[in-house]
Amino acid sequence: MHSIKYHVPILLLLLLVVFLAFNRLMSTPLFHPLDFAILQEAHSLSQDPTKMFLHLGTYFSQPLLQLAFLLEFTLFCANQVGFIAINLIIHSLNAFLVYMLVNMLLARREIAVLAALLFALQVGSYGKILMTVSYLEALLLVHLHLLVLYFLIRNDFRHQGRLSSPYFGLALGIFLVAGLTMTSTFSLLGCLLAYKFFFYKERGRRGVFSLNLMILISVGVLFYLAQHRWGYQSPVIYEDTSKPLQFTWLSFKNIFRYLNLMVFPLQPSGLLERANPIVHLVFDIRTVIRVMLTIAIISYSFFGFVFGSRAVRFFIAWTYITLLPFTGITTAADWLNLKHLYLTSLGFCVILSAGTWGTSSLLSVRKWRRLLPFLVPVTFVILALSVTYQIDDQNRRRGREPRLINFRHQIEQLCEEDAGGAAPTVLVHLSCK
């Protein structure tokens, strides 16, 4: 009962903040061609749900995801409000898990609350992951991975990592479910390994490669082999590059390009083309800014590992580990997808929160001056919401294109056929191009 009174108000606060900040996304019409293809697939599954187990070769053909899309299609059909509301709810739950995880590792509730609020307001990832039906996959995968991390770490803290603990059973069960989604499973295992290494003393000096971790690694390898054999294979950005060293170098550069993007969210895009002259002026000196940011990032990472607390070291490691699955895979070499920063931004939010509270405590005797450090996270919140709303405005313009209006009409016709009980005579083809 004490835990409910202690933690549930934070969950309600995060839900309120997320829906107040991003409720405008629910009024944006469906605009992404892939969303229409997913809804058409869901309509097909509504006629015969067993089809989700007959193929494992497309972007959204994992059974768990197909079931989720089928449930959404059954509930909302072509109503974008319901789809985006589900995204916002899952995002709020993810922010709450951030709070629970940070509170458990740092034992500082104020840092955990601020980190969760920053994550909820999309600091570092800029809201793109909330905007489409298809991104439910990434939101759901992050939710499952955070649950696995929380239960395993709680099992270490409360039950000395025993396999007989209900927390390990829950973690293993959720990990098995998470394996039905697309990969970044090994980034989860990497974060677990980093936790066991950095919190070695708190864990009772038990071995880093404990039996529970080895079980998860074995399951992860089996899922990887199965996915490689039957599942969807993301295209490699540098697939035409034959030299492994060049591939490695470009992938390494992408790590810092993504970290720069988290702090300085400017890159070539349609959004930038419509920006005001001041933004273009800043973009013109981007090389200098990015060099300085890269130096600052490397410097903070080095000194954070050398002089920082165990928690700071862990979340620095988290930031790099969660980026690795995306450094060599994207659609274009000169453009990075903001949605890949979703889980990575967790580390940034925690570091920003810890730094803000730490600096404020040093100024505690300075009355109002102790509030000055909070201007930094407030600035990032304003930046995050500004970028999110601009992306949303761009999506609204896209949604008014005749091709996409026609797609929405086709989905609405499928919904009317389902409501009337008549089977469609022609399966509508929606191009994802």
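Taking the stated definitions as given, is LEU336 crowded, with 18+ Cβ neighbours inside 10 Å, at pLDDT below 90 and touching a Ser or Thr at 6+ places or on another chain (Cβ under 7 Å)? Yes: the conditions hold for LEU336. Looking only at residues of segment 131-185 that are without any contact (Cβ under 8 Å) to a residue 12 or more places away in the chain and of a type in the set (Ser, Thr, Tyr), we find that the one that is farthest from ALA120 (Cα to Cα) is SER164.
For segment 315-326, a residue qualifies if it is surrounded by fewer than 21 Cβ atoms within 10 Å (Cβ to Cβ) and farther than 12 Å from PHE348 by Cβ, and the qualifying residues are LEU324, PRO325. Scanning segment 225-244 for residues being assigned to a helix (DSSP H, G or I), surrounded by fewer than 18 Cβ atoms within 10 Å (Cβ to Cβ) and either at pLDDT 75 or above or not hydrophobic (A, V, I, L, M, F, W, C) (or both) gives a total of 4. Could you say whether any residue in segment 277-291 is under 24 Å from the mean Cα position of the chain (by Cα) and hydrophobic (A, V, I, L, M, F, W, C)? No, the conditions are met nowhere in segment 277-291. The set of residues in segment 292-323 that are within 26 Å of the chain's Cα centre (by Cα), among the hydrophobic types (A, V, I, L, M, F, W, C) and farther than 19 Å from VAL98 by Cβ comprises LEU293, ILE295, ALA296, ILE297, ILE298, PHE302, PHE305. Considering each residue of segment 51-58 in turn, none proves to be surrounded by fewer than 23 Cβ atoms within 10 Å (Cβ to Cβ) and at pLDDT 95 or above.
THR287 meets all of the listed conditions (1) polar (S, T, N, Q); (2) in contact (Cβ under 8 Å) with a residue 24 or more places away in the chain; (3) in a helix (DSSP H, G or I) but one, namely (2).
Identify the residue in segment 373-404 that is among the β-branched types (Val, Ile, Thr) and in contact (Cβ under 8 Å) with a residue 40 or more places away in the chain and, among all such residues, is farthest from LEU117 (Cα to Cα). The qualifying residue farthest from LEU117 (Cα to Cα) is ILE391. Which is at pLDDT 90 or above and surrounded by fewer than 13 Cβ atoms within 10 Å (Cβ to Cβ), of MET262, MET292? From the options MET262, MET292, the qualifying one is MET292. Residue pairs whose Cβ atoms lie under 7 Å apart, sitting 6 or more positions apart in sequence or on different chains, and linking a residue in segment 308-319 that is over 17 Å from LYS201 (Cα atoms) to a partner that is assigned to a loop (DSSP other than H, G, I, E, B) and at pLDDT 90 or above, do not occur here. Among the residues of segment 93-122, those identified as over 22 Å from LEU188 (Cβ atoms) and either in contact with a Ser or Thr (Cβ under 9 Å, 6 or more places away or on another chain) or touching a residue at least 24 places away in the same chain (Cβ under 8 Å) (or both) are ARG108, GLU110, ILE111, VAL113, LEU114, LEU117, LEU121. Among the candidates ILE278, ILE297, which residue alone is surrounded by 16 or more Cβ atoms within 10 Å (Cβ to Cβ) and in a helix (DSSP H, G or I)? Unique residue meeting the criteria: ILE297.
Residues in segment 71-95 that are in a helix (DSSP H, G or I), surrounded by fewer than 22 Cβ atoms within 10 Å (Cβ to Cβ) and not small (Gly, Ala, Ser): LEU71, GLU72, THR74, LEU75, PHE76, GLN80, VAL81, ILE86, LEU88, ILE89, ILE90, LEU93. In segment 140-159 there is at least one residue matching the filter, namely being within 22 Å of LEU385 (Cβ to Cβ) and either assigned to a helix (DSSP H, G or I) or modelled with pLDDT under 90 (or both). From the list SER251, SER345, the one residue that fits, being of a type in the set (Ser, Thr, Tyr) and over 21 Å from PHE119 (Cα atoms), is SER251.
The values are calculated or read from the model by the stated rules, or taken from the named source; none is laboratory data. Since the structure is predicted, the reported quantities are computational estimates derived from the model, not experimental observations. A quick note on method: Cβ atoms are made from the backbone with ideal geometry, for glycine too, and the neighbour counts reach across all protein chains shown.
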